[in-house]
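Scroll down for the structure; my scribbles are underneath it.
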Amino acid sequence: MIFRARLILIIVLTIILGAPARALDIDVTSFTLANGMEVVVIPDRRAPVVTHMVWYKVGAADEPQGKAGIAHLLEHLMFKGTPKYPEGEFSRIVRANGGDENAFTSQDYTAYFQRIARERLELVMELEADRMHNLVLTDENVLPERSVVQEERRERTDNDPSSLLAEQLDAALYTAHPYGKPVIGWMSEVAQLTRQDALDFYAEHYEPANAVLVVAGDVTGDEVKLLAERHYGPLKNRRPPEARVRTQEPAPVAERRVIMRDERVSSPLWQRRYLTASSRNLSRREDHALSLLADVLGGGTQSRLHQKLTLEKKLAAYAGAWSSTDSLDSGSFAIYAAPNPGASTAEIEKVIDEELALIRDKGISQEELDRTRDRSIAEAAYVLDSQESLARIFGVALTTGQSIGNVMNWERDLAAVTVEDVAKAARTVLDLRASVTGLLLPANGS
Amino acid sequence: MSMLSVTRAIAAAAVLLASAISAQAFAIQEVKSPGGITAWLVQEKAVPLIAMNFSFKGGSVYDPQGKEGVSEFLTGMLDEGAGDLSSKEFQQQRDALAFRMSFDSGRDFFEGSFQTLTRNRAKSFELLKLAINAPRFDAEPLERVRQQFILSVQNENQDPQTIAFRNWMKEALPGDAYARDLNGTVETMAAIGADDLNAAHRRIFTRDKLQVAVVGDIDAVELGTVLDQVFGGLPVSSSREAVAAAKPVMGPKTVVFEREMPQSVIVFGHESITRDDPDFIPAFVMSEILGGGGFSSRLTTEIREKRGLTYGVGMGLSPAERVGLYVGSLQTSNDKAGEALALVREVMAKMANEGPTQAELDEAKTYLTGSYALRFSSNSAIANQLLGLQQQDLGIDYVERRNSLIEAVTLDQVKAQAKRLLHPDRLIVSVVGKPVGLN
């Protein structure tokens, strides 16, 4: 069994980052500062290091019309300096203290993190608190960084047909909701973004009440509380936090299909995405039923799609499914397959549709549910090995309207799911009117 | 200027910190099994997991002519049936036990990565033993995995980074084993059969070439038993012909693979030193200042930060068993390719002529020493590091010694390495795209 195709790598990553946290046997502390900033502390005493993350409840889906990419450009610009720590100082100080750092932006959140020796936690808190309100931007540092982002878009998206298709799938799946535009932005809009656009977005969203601090590592909740109150506590909210209301997606009425031919494509790929509710709009049982449905259909070598398409019919080199509900407004349920040389996407699609009809009409067996759930619970232990992964799970949950309880009670909630819940999930989600089917084809292929 | 004094205080603190945390937070034991197999062990009870990384010296450079990719093919077959278990039975049991097992075929080492829940370790190690001692290569999984590899090779053949790097290797090491298509071609993957996989299995899996690192909830006595269980049945050694040291050629030379896309992918570099070079550490510090990770290297500052020409540029030492290389890459708009490459040469030349400043050296040292601990922050990360140290023959005390080696590097040493190792006028350059401005 091999997983080397690029699409698979992306999907596996999505599952790791996007799946609800697995059962957690850890002693998490959480509290809220007087200014509204939430704090989560996850102990990991194995090495004298900490992961320090500040998550803002703002992402690409919160951008004003015509400013696609400003959330991500601002993420880049957050390294450009303040009066106290001018350009380059933030990164220079982190490096000089033996730390690594980076940042990332999604539709719903923007996060900044450092991994550093535990004695340096206060230092990175001081730096991160300073840039929450004191960023200074000039055309001299904004314009080259905008060019960097344009190169990033060319590198990650425009140079890669499967990324271009993924962007088109989102654009087709969402007719009104901003999830239909890419996080990095359309090139035509990125090219027009200005220093003032970035400053406006910054002033509107970078506030302590709109931020979540997650610290994982060799540190106690009391230690973090003391330091957080010292450095983040004095920050005042300059405007009251606003509800995150985006244009709602209207009820879907039409099946969509996106076909992309590109001479850089050597072999076809078939994929389909269905709209689902998001975690915060689902009961725990509904949410976990969706992830179990995805696992039964396409999670690993015992799954129905692997057994049918790859082993029995020998049509696909690989096939799978995943569910991601870790977003604020809506989630995705996805299925994908790569035809073997000689097989067509049409043959693949026919068999997949038969399998989907079967699971929608007949549901799953108790044996499938038990086996799939047991494996999920066993696999959950591996997340304990990475403090950065743990920190990310809590950061994603708290910036997408979920609770710490959702994360901590994962195993209990998963155990409550019945075969009826999974059957109901299949009937709800597998509605072609709420779907887009995407074909990636060679330039001269069929 | 109060800011400056704050910064100096922070930098001074960092030097103290670096020496404070260089004392490692874990103990590495050398374990010798009753049957004579050695492993490095870090016992760590905090999480209910065991990570085992192992490798066999002699990677895909030993793939026979015309069977390039056979080691790679083998990596995909070791969970497809072994001993009495069919592919289906093996994978069912693996999923039920929830262990993780993967293999990687590198140029110089064939590597395995294995993780199990502590509570399932007995059965999981038994399946690992089967996988590496008695893989079956049954016809059904073999044909299925072949299709997967052929698709994978076809995709790689379209990937601009892969094409650029492959072409670079063919120019820098013409005719060499390293420059062959070691992930296989459509033709070689189509031609490989069970006999070839069996031969590769016999060649690779022998005890004399084995190195093992284990981190997790297991003690030395139990590990000794596990080592004999998993690896004790392998042959002691196998014969194979030595591959002669590689003979790289120097540039200047530029090759372009023309392709319609918005950006050019540019790979550049030339010969360098291997890991056993006595000056490797000062050379490594120099390369970190010139093109290392983070936002502060000279190449990143000049090409990304000041001019916005690329999302990322890096250049670093790439030491292999039979050759040392110094390779970098960047991607930029086609119309900026000439400008970006000229800047690479200019930045390299300045470093070769003048070396870094004392401040740059000091910062690089505090970063490298302070961040070393970050490489050891999970069981699987520690196992990975410890295996790498064994592969490079650096000794079990290297984790303790490493930061003092970095601390001892002087400005004169780094300047000497810059002059010795950087040859901007002799770069071999491989481009994929429609570059403008390359002469």
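The values are calculated or read from the model by the stated rules, or taken from the named source; none is laboratory data. The structure presented is a predicted model; accordingly, all values stated were derived computationally and were not measured. With ideal geometry, Cβ positions are generated from the backbone for all residues, glycine too; neighbour counts draw on all protein chains shown. Protein only, heavy atoms only, side chains kept; ligands, DNA and RNA dropped before computing areas. Shrake-Rupley method; radii C 1.70, N 1.55, O 1.52, S 1.80 Å.
What the table shows:
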{"item": "Some residue of segment B:399-412 being surrounded by 15 or more Cβ atoms within 10 Å (Cβ to Cβ) and hydroxyl-bearing (Ser, Thr, Tyr)", "result": "no"}
{"item": "A:GLU101 vs. criteria of a type in the set (D, E, K, R) and either on the phi > 0 side of the Ramachandran plot or touching a residue at least 12 places away in the same chain (Cβ under 8 Å) (or both)", "result": "yes"}
{"item": "Segment B:300-322 - residue that is among the hydrophobic types (A, V, I, L, M, F, W, C) and within 19 Å of B:ALA418 (Cα to Cα) and, of those, nearest to the other protein chains (Cβ to nearest Cβ)", "result": "B:VAL313"}
{"item": "Unmet requirement for A:LEU137, which otherwise passes all of (1) away from every other protein chain (no Cβ under 14 Å); (2) under 21 Å from the mean Cα position of the chain (by Cα)", "result": "(2)"}
{"item": "Residue among A:THR310, A:THR276 that alone is outside any helix (DSSP H, G or I) and either more than 17 Å from A:LEU414 (Cα to Cα) or among the polar types (S, T, N, Q) (or both)", "result": "A:THR276"}
{"item": "Near pairs, Cβ below 6 angstrom, 6+ apart or cross-chain, from segment A:354-381 (within 10 Å of A:VAL419 (Cα to Cα)) to any residue that is small (Gly, Ala, Ser)", "result": "A:GLY363/A:ALA423"}
{"item": "All positions within segment B:204-247 that are assigned to a helix (DSSP H, G or I), open to solvent by less than 30 Å² (accessible area, probe 1.4 Å), of a type outside the set (Phe, Trp, Tyr) and in contact with a Phe, Trp or Tyr (Cβ under 9 Å, 6 or more places away or on another chain)", "result": "B:ILE204, B:LYS209, B:VAL226, B:VAL230"}
{"item": "Residue check for B:ASP95: assigned by TED's automatic domain parsing to the domain that holds B:GLU222 and without any contact (Cβ under 8 Å) to a residue 12 or more places away in the chain", "result": "yes"}
{"item": "From the options A:ARG154, A:ARG146, A:ARG95, residue that is facing another protein chain (nearest Cβ under 8 Å), open to solvent by 10 Å² or more (accessible area, probe 1.4 Å) and touching an Asp or Glu at 6+ places or on another chain (Cβ under 9 Å)", "result": "A:ARG95"}
{"item": "Segment B:248-271, residues that are open to solvent by 60 Å² or more (accessible area, probe 1.4 Å) and either within 12 Å of another protein chain (Cβ to nearest Cβ) or more than 25 Å from the chain's Cα centre (by Cα) (or both)", "result": "B:PRO252, B:LYS253, B:VAL256, B:PHE257, B:GLU258, B:GLU260"}
{"item": "Output for segment A:238-251, where each listed residue is more than 22 Å from A:GLN65 (Cβ to Cβ) and surrounded by 11 or more Cβ atoms within 10 Å (Cβ to Cβ)", "result": "A:ARG238"}
{"item": "Only listed residue being within 14 Å of chain A (Cβ to nearest Cβ) and more than 19 Å from A:ASP100 (Cβ to Cβ), chosen from B:LEU330, B:LEU368, B:LEU325", "result": "B:LEU330"}
{"item": "Sole residue being open to solvent by 10 Å² or more (accessible area, probe 1.4 Å) and touching an Asp or Glu at 6+ places or on another chain (Cβ under 7 Å), chosen from B:ASN157, B:ASN183", "result": "B:ASN183"}
{"item": "Segment A:36-79, residues that are more than 14 Å from chain B (Cβ to nearest Cβ), under 18 Å from A:ALA391 (Cα atoms) and open to solvent by 30 Å² or more (accessible area, probe 1.4 Å)", "result": "A:GLU38, A:LYS57"}
{"item": "Among (1) open to solvent by less than 10 Å² (accessible area, probe 1.4 Å); (2) within 13 Å of another protein chain (Cβ to nearest Cβ); (3) among the acidic types (Asp, Glu), the one test that A:ASP108 misses", "result": "(2)"}
{"item": "Filter pass, B:PHE149 being surrounded by 20 or more Cβ atoms within 10 Å (Cβ to Cβ) and either within 11 Å of another protein chain (Cβ to nearest Cβ) or under 25 Å from the mean Cα position of the chain (by Cα) (or both)", "result": "yes"}
{"item": "Output for segment B:89-113, where each listed residue is within 24 Å of the chain's Cα centre (by Cα) and within 14 Å of chain A (Cβ to nearest Cβ)", "result": "B:PHE99, B:ARG100, B:MET101, B:SER102, B:PHE103, B:ASP104, B:SER105, B:SER113"}
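Yes or no, residue by residue, for (1) among the hydroxyl-bearing types (Ser, Thr, Tyr); (2) touching a Leu at 6+ places or on another chain (Cβ under 7 Å):
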| site | (1), (2) |
| --- | --- |
| A:TYR56 | yes, no |
| A:ALA71 | no, no |
| A:GLY81 | no, no |
| A:TYR85 | yes, yes |
| A:ASP108 | no, yes |
| A:ARG115 | no, yes |
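Residue by residue, here is whether (1) at pLDDT 95 or above; (2) under 30 Å from A:ARG156 (Cβ atoms); (3) of a type in the set (Ser, Thr, Tyr) holds:
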site	(1), (2), (3)
A:MET1	no, yes, no
A:ARG6	no, yes, no
A:LEU13	no, yes, no
A:ALA19	no, yes, no
A:LEU33	yes, no, no
A:PRO43	no, no, no
A:VAL50	yes, yes, no
A:TRP55	yes, yes, no
A:ALA60	yes, yes, no
